[in-house]
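The block underneath contains the structure these notes are about, expressed in structure tokens.
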Amino acid sequence: MNYSERLKILRKQMGLKQKEIGEQLGITMGGYSNYERHYSFPSIEKLVKLAEILHTSVQYIVTGKELSLEFQENVTPFPQRLRELREKKQLTQVAVANVLNIKEVTYQHYEYGAYEPKLDKLLQLADLFDVTLDELMGRNKE
């Protein structure tokens, strides 16, 4: 099962319509529908908001792996969280870029908030920093 199918199941379990979730996300029903039809992937901000709306974790939405953690409402911005995790591991931007097999400038854009990594890079970053996707995206554990 992929993230699109999990979104649809979770939405129906909550008794919500696509339009209602779209409104909560600040997008159109069609924009949200594209997530469920696997036509597009939510931004980091939208993915975190979806996890909140659907009372689940980003990790579950993306991978299907359940987390038993509770999260605080405050969210650390992704670029800031990424920098914190990199510095905690005492890695340079060049080292992280090499692990991801991307250009250093591309990684710098992640930390400066100019670009967002694609799903495969998010998963690699979570593995590199030994955190869940929720922790990577700035959702703080209670």
Checklist entry - Which percent of the accessible area of the stretch 28-115 is formed by carbon and sulfur heavy atoms (probe 1.4 angstrom)? => result 47 percent
Next on the checklist: At 1.4 Å probe size, put Glu66, Glu111 in order of accessible surface, largest to smallest.
Outcome noted: Glu66, Glu111
Item to check | Probe 1.4 Å, accessible area per residue of the chain, Å² | outcome: 56 Å²
Item to check | Within the chain: Cβ-based charge dipole about Cα centre, in debye rounded to nearest 20 (Lys, Arg +1; Asp, Glu -1) | outcome: 380 debye
Checklist outcome for this item: For the chain, averaging the sequence separation of alpha carbon pairs under 8 Å that lie six or more residues apart and dividing by its residue count, the contact order in percent is 25 percent
Checklist entry - Where the convex hull is taken over the Cα atoms of the chain, what is its projected area averaged over directions, in nm²? => result 8.4 nm²
Item to check | Space enclosed by the convex hull of the alpha-carbon atoms of the stretch 83-142, per residue, Å³ | outcome: 79 Å³
Item to check | Within the stretch 107-124, backbone nitrogen closer than 16 Å to the virtual label 7 Å beyond the Cα of Val94 toward Cβ | outcome: 107-108
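The values are calculated or read from the model by the stated rules, or taken from the named source; none is laboratory data. Because the structure is predicted, anything quoted here is derived from the model rather than measured. Positions of Cβ are generated from backbone atoms using ideal geometry, with glycine treated the same way; all protein chains shown enter the neighbour counts. SASA here: full protein model, heavy atoms, side chains in, ligands and nucleic acids out. Shrake-Rupley method; radii C 1.70, N 1.55, O 1.52, S 1.80 Å.
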